[in-house]
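Presented below is the structure to which this report refers.
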Amino acid sequence: MDYLATKYLRPRKIPSTACSGCGLGQIHKKVVKAIDELGLDVGDVVWGTGIGCAGRQTFATWKGDNFAGTHGRVYALATGLRIALPPNKKIILTVGDGDAFGIGFNHLLNCARRNVDLTVIVCDNLGYMSTGGQYGWTTPEGYRTDSSPYGMWEPNWMQGGRDVLNILREAGATFLARHTSIEGQEAVESIKKAILNKGFSLVHMPYPCVTNFAERALGSRRPAVMYKWFKERTVKLNERVDEKALGDIYFRTGIYYDASNSRPEFAEALRNRVAEIQRRFR
Amino acid sequence: MKRTLDTGNAAITEGAIIAGCRLFAGYPITPATEIAENMSRRLPQVGGYYLQAEDELAALHICVGASLGGLKAMTATSGPGYILYADPYGWAIGSEIPVVIVNAQRVGPVSGITGAPGQGEFYLSRYPTQGGNFETIVLAPNSVQEAFTLTVEAFYLAERFRTPVTLLADQLVTDGWETLIIPETEEEIQAMGLKVIPRRINEGPEFYPATDEIDIPPVVLGHNTGAACSDWTPTAEGYDTEEVEWQHKHAYRLIYKIRNHKDLITRYESYFLEDDPEVILVSYGSPSRVVKSAVKAAREKGLKVGGLRLISLWPFPDEIFTKTAKYLSVELNYDGQLVREVQRAMPKGSEVHFMGKCGELPTVAELMELIEALIKGQPLKAKPWEMEAW
Ligand SMILES: Cc1ncc(C[n+]2csc(CCOP(=O)(O)OP(=O)(O)O)c2C)c(N)n1
Ligand code: SF4
Ligand SMILES: [Mg+2]
């Protein structure tokens, strides 16, 4: 085991139970690296997850305290937990795209509106993958999955002029970034900023699912095929790209929006308000 | 002691605060809205937190999350919200997190009649979530004062059994105005027989031991105990597992921690049972008030009639049905829910009959008519609320 794993992760859960070649481990490692580079200890972080590959493969890997919510609801659970925990404890959530942008989207938006101090890492494998590979709300237009055998035809949250991060920004999130799992230190830096924001932060991290997505959409389980697909579609925010030539989905990566610590954090505001009302009634 | 005239909603609010509740998350719904409103006013005064959630799924999840962080928490709703609790309810049962849930029952199904009393969630409170493999604890007050004491009791049981407890009230109990006596000191709390225990923290490494024991502290996150809690079947340490053996251990714990300590939960009231009455009326919640009057009136006429009022509904108190008699279950629904459990629990040679109403209480006169018919052995007259031969 490497240094990070020894310091922060439980031997029992290593190696991960994810498929070999899965990009999830790249994300997992980047989150742990960010925690380490911020000088945080095991006891400083409470780690939560959702359901699905993203949830199950990262649940209880953290040496400290762990929880996993039901599908899509961990944001509401974490809101209650945020109020109860001391403000210096970090709550980091690793969740799936279906969990965050599908079934849990209402709760996610309300967390953004309230500016609840949470760091949400959306591990996006472009659909519902632990259930075998059905299309989700980030599945690229036209791509085949088990439930879109003729190609994804429904509008998604990513194309046609929509970007899920814009919706979250409008909702009130104070830190938003996107990185694909194949990126390096720049992704770690964004995760660090997300953790440091005392407010609602979300990092959208598309990653290769070799077993289900790649198999159906690209016709190959070979990691090299899926990684190449991702590499071609990972485009820095400020980088020029010939969209017409690409003619397909691509992921603009970098920090989308950084309003860190610019507006009151929900639990802190609630605590202050309660203290003030209490003073009046003493 | 503070003596006031107030509603069941206020009683539940004050009971929760005395029990140590410091977070309430809710969503407006008649007839439980007033509990939320009272909480929004009272909680900040005692250093507690009130939240309005985006829906009931979130409301109970926020409560459970707060409890997971060490705060005692409560939510309140009525039928349409209670059904949305199914998901977090199950999470809290499986992860064994204490939380108190109030259901001010109204008329259903779905939105039904909003401001009128019903008793349609008797079975739903037994099976408030999917999957089976658990028991639930449900208490049912029939007065404003009892709404207060049972709320305190609900928090007490939730902590000891580390599980959600439902206070299954109805619109007449929550909206009704009656005398309410509230203790103001520790001594007065004790003098009223109320018990309050603080939240304890499970230090691990066994968070989910395979035992029916109670008084095991729940998981509380943020203390670096290395706790793991989730919606999956846990090993003793809380790791997710797909081993059937662990599933069996977990189910055993969720079922038998409650079944094997039922004596700590069961509460009921019985009257006029000493001389083996021919007819015994069974009820809970607000109809039990009319039932008691009817039984007294029948006794004054010299009829051998008794009454059983259930205060704890689940686990169902089979053991209190000791008399062979003609049972009459009086409920605020037309489908007959309690009646099925009575039928199951009553001794051989007994009969069970049903009187259903909904949205309004039965009258003493209606009940007297049925009591007399049952004693004379006459068939019950066909009325919309009657179903014979259960
Ligand atoms: C309420 C509910 N609905 C459906 C499921 C089934 N389910 C389990 S994992 C999963 C896929 C989740 O997708 P995503 O969040 O994208 O995670 P992934 O598996 O793709 O990592 C689904 C639908 C569930 N567990 N709960
Ligand atoms: S199914 Fe896909 S996302 Fe899930 S573990 Fe396997 S490769 Fe990874
Ligand atoms: Mg997914």
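Listed here are the residues, each with its yes/no results for (1) among the charged types (D, E, K, R); (2) within 13 Å of ligand 3 (Cβ to nearest atom).
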position: A:VAL95; (1), (2): no, yes
position: A:GLY98; (1), (2): no, yes
position: A:PHE105; (1), (2): no, no
position: A:ARG113; (1), (2): yes, no
position: A:LEU118; (1), (2): no, no
position: A:GLY132; (1), (2): no, yes
position: A:TYR135; (1), (2): no, yes
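Among the residues of this structure, A:GLY43 does not count as one that is within 16 Å of ligand 1 (Cβ to nearest atom) and outside any loop (DSSP other than H, G, I, E, B). Taking the condition more than 15 Å from ligand 3 (Cβ to nearest atom), touching a residue at least 40 places away in the same chain (Cβ under 8 Å) and charged (D, E, K, R), does A:ASP44 pass? Yes: the conditions hold for A:ASP44. The set of residues from segment B:114-134 being crowded, with 19+ Cβ neighbours inside 10 Å and in a loop (DSSP other than H, G, I, E, B) comprises B:GLY118, B:GLN119, B:GLY120, B:GLU121, B:PRO128, B:THR129, B:PHE134. Residues that are among the basic types (Lys, Arg) and modelled with pLDDT of 95 or more number at least 1 in the following helices (runs of 4 or more DSSP H) confined to segment B:135-254: B:144-161.
Quick one: is A:GLN57 within 12 Å of chain B (Cβ to nearest Cβ), outside any strand (DSSP E or B), surrounded by fewer than 24 Cβ atoms within 10 Å (Cβ to Cβ) and within 14 Å of the chain's Cα centre (by Cα)? Considered against the rule, which asks whether it is within 12 Å of chain B (Cβ to nearest Cβ), outside any strand (DSSP E or B), surrounded by fewer than 24 Cβ atoms within 10 Å (Cβ to Cβ) and within 14 Å of the chain's Cα centre (by Cα), A:GLN57 comes out as yes.
Going by the conditions given, is A:ARG82 among the charged types (D, E, K, R) and surrounded by 17 or more Cβ atoms within 10 Å (Cβ to Cβ)? So A:ARG82 fits the description; yes. Give me the pairs, please: first residue somewhere in segment A:134-159 and more than 14 Å from chain B (Cβ to nearest Cβ) and basic (Lys, Arg), second residue anywhere and in a loop (DSSP other than H, G, I, E, B) and within 15 Å of ligand 1 (Cβ to nearest atom), beta-carbon distance under 9 Å, and either six or more positions apart or on two chains. Here the result reads A:ARG144/A:TYR135; A:ARG144/A:MET152, each pair linking segment A:134-159 to a residue that is in a loop (DSSP other than H, G, I, E, B) and within 15 Å of ligand 1 (Cβ to nearest atom).
Within segment A:143-177, being loosely packed, with under 15 Cβ neighbours inside 10 Å and either in contact with a Pro (Cβ under 8 Å, 6 or more places away or on another chain) or closer than 20 Å to A:HIS107 by Cβ (or both) holds for A:ARG162, A:ASN166, A:GLU170. Taken over segment A:116-163, the criterion of being farther than 27 Å from A:LYS30 by Cα and small (Gly, Ala, Ser) is satisfied by A:GLY142, A:SER147, A:SER148, A:GLY151, A:GLY160, A:GLY161. Of the helices (runs of 4 or more DSSP H) entirely within segment A:172-282, those holding at least 3 residues that are within 14 Å of chain B (Cβ to nearest Cβ) occupy A:266-281. If you filter segment A:96-136 down to residues that are more than 9 Å from ligand 1 (Cβ to nearest atom) and either modelled with pLDDT under 95 or aromatic (Phe, Trp, Tyr) (or both), you find that the one that is surrounded by the fewest Cβ atoms within 10 Å (Cβ to Cβ) is A:PHE105. So is A:GLY98 within 16 Å of ligand 2 (Cβ to nearest atom) and within 20 Å of B:ALA59 (Cα to Cα) or not? The answer is no for A:GLY98.
Here's the yes/no breakdown for (1) within 13 Å of another protein chain (Cβ to nearest Cβ); (2) closer than 17 Å to B:ILE137 by Cα:
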position: B:GLY15; (1), (2): no, no
position: B:ARG41; (1), (2): yes, no
position: B:GLN45; (1), (2): yes, no
position: B:GLU54; (1), (2): yes, no
position: B:THR75; (1), (2): yes, yes
position: B:ALA86; (1), (2): yes, yes
position: B:ALA104; (1), (2): no, yes
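Against the numbered list (1) at positive phi; (2) within 21 Å of the chain's Cα centre (by Cα); (3) of a type in the set (Gly, Ala, Ser); (4) facing another protein chain (nearest Cβ under 10 Å), B:GLY20 comes up short only at (4). A:PRO87 meets the conditions (1) within 15 Å of ligand 1 (Cβ to nearest atom); (2) over 14 Å from the mean Cα position of the chain (by Cα); (3) more than 10 Å from every other protein chain (Cβ to nearest Cβ); (4) at pLDDT 95 or above in every case but one. The failed one is (1).
Per-residue answers, yes or no, for (1) closer than 30 Å to B:GLU237 by Cα; (2) touching a Cys at 6+ places or on another chain (Cβ under 9 Å):
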position	(1), (2)
B:GLY94	yes, yes
B:ILE97	yes, yes
B:GLN105	no, no
B:PHE148	no, no
B:VAL165	yes, no
B:ASP175	no, no
B:THR179	no, no
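The values are calculated or read from the model by the stated rules, or taken from the named source; none is laboratory data. A quick note: this is a predicted structure, and the numbers were derived from the prediction, not measured. In this analysis, Cβ positions are derived from the backbone assuming ideal geometry, glycine residues included, and neighbour counts consider all displayed protein chains.
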